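Report on the structure given below.
The values are calculated or read from the model by the stated rules, or taken from the named source; none is laboratory data. Everything numeric here is computed off the predicted structure, so don't read it as measured data. In this analysis, Cβ positions are derived from the backbone assuming ideal geometry, glycine residues included, and neighbour counts consider all displayed protein chains. Accessible surface is based on the protein model in full, side chains and every heavy atom, while ligands, DNA and RNA are left aside. Shrake-Rupley method; radii C 1.70, N 1.55, O 1.52, S 1.80 Å.
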Amino acid sequence: MNRKKNLFATILLGSISLLANAEVIGDTLVIEEVKKVKIETRDTVQRIVISGSKDDSQLQYVQRISIPDTSAVRRTIKSVKDFNKISIPGKDGKPSKWTGSTHFSIGLNTMLNAPDGYDFKVWPSWEFALTVQSDYRPYGKQNVWSIGLGFDWRHYKMSKDKFLAKDANDYLTPVAFTGVSDTYSSLRIYSLNLPLMYTHYFDNKQKWGLTLGAIVNWNFTAYAYCEYSLGNEDYEVKTRKIGHQPITVDAMAIARIPSFPDIYCKYCPMNVFKDGRGPKMHQLSFGFYW
């Protein structure tokens, strides 16, 4: 097996996070239920450190491999939360202050200050978001500034006895279902967003932390949706051009907790609709963030 194959096999072993006891089988070293794997690239040397196991917290295995590729990527995997983080070495082999990461969140949402008749339900209203971001650590690991690009899909469920429709003035208003069955209605908003966040970790191991920031949303499409049955026929209706705000800004907070998914809360102080196109109400969502 050549050098690169040995390197990739070792990375794969650590990434799966197996290990507990080490044993030698022929020319292969097997370690199971590992606690931490650290891979560093300096000049033409790759250093791999395996630390701790289920039965032996003091276990340490160090492997140095000479490699010809000086631009190799360094990955450090401390827990499942760190698996999506990639750091690229800076100049002269020094660690870069920039890292890249991917995140997704899923949670519940609703509308605040909705007037009577606009009966939005927290369950089963839901939100899903996916974000790719760049993280900057100029003063060490405990303070992180982030900027990213993401996609957000928000779904606001209404009560079964009403649906949203435009009146003669293009104002979105609730209308009662009559003479139909199997009713369902919701408001749906799709957005591209730009998160601008600051995170402070309260410990050097980055287990406890708090993230605060703003998310700029480009709400590129939104529509009112309903479905119902009339006799033996099923119908679906989408009402578009509902006069939603094309740009909104959310305030977001994330509590980072060890051994548990992060928890987020997001609130938009801006109205969902333009003046004269719908009620003055605000979006609120909360859930889990990875």
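Worth pointing out:
- Any hit, region 181-199, residues being without any contact (Cβ under 8 Å) to a residue 40 or more places away in the chain and among the acidic types (Asp, Glu): no
- Identity of the residue in region 224-240, of a type in the set (Gly, Ala, Ser) and outside any loop (DSSP other than H, G, I, E, B), that ends up farthest from Leu172 (Cα to Cα): Ser229
- The numbered conditions (1) among the charged types (D, E, K, R); (2) open to solvent by less than 60 Å² (accessible area, probe 1.4 Å); (3) more than 24 Å from Tyr289 (Cα to Cα) are all true for Arg137 except (3).
- Scan of region 162-171 for residues that are touching a Ser or Thr at 6+ places or on another chain (Cβ under 7 Å) and not in a strand (DSSP E or B), ordered by number: Asp167
- Scanning region 172-205 for residues that are farther than 30 Å from Ile254 by Cβ, touching a strand residue (DSSP E or B) at 6+ places or on another chain (Cβ under 9 Å) and outside any strand (DSSP E or B) yields Phe177, Gly179, Val180.
- Search result, residues across region 254-279 that are in contact (Cβ under 8 Å) with a residue 24 or more places away in the chain and farther than 22 Å from His244 by Cβ: Ile254, Ala255, Arg256, Ile257, Pro258, Pro261, Asp262, Ile263, Tyr264
- Within region 244-272, tally of residues that are farther than 16 Å from Val216 by Cα and at pLDDT 95 or above: 4
- Residue that is nearest to Lys205 (Cα to Cα), among those in region 141-150 that are without any contact (Cβ under 8 Å) to a residue 60 or more places away in the chain and loosely packed, with under 15 Cβ neighbours inside 10 Å: Asn143
- The single residue among Tyr235, Tyr267, Tyr198 that is more than 27 Å from Gly148 (Cα to Cα) and either open to solvent by less than 40 Å² (accessible area, probe 1.4 Å) or hydroxyl-bearing (Ser, Thr, Tyr) (or both) turns out to be Tyr235.
- Any hit, region 87-109, residues being under 30 Å from Tyr225 (Cβ atoms), in a strand (DSSP E or B), aliphatic (A, V, I, L, M) and modelled with pLDDT of 75 or more: yes
- No other residue among Lys241, Lys166, Lys205 is over 24 Å from the mean Cα position of the chain (by Cα), of a type outside the set (A, V, I, L, M) and either crowded, with 16+ Cβ neighbours inside 10 Å or on the phi < 0 side of the Ramachandran plot (or both) apart from Lys166.
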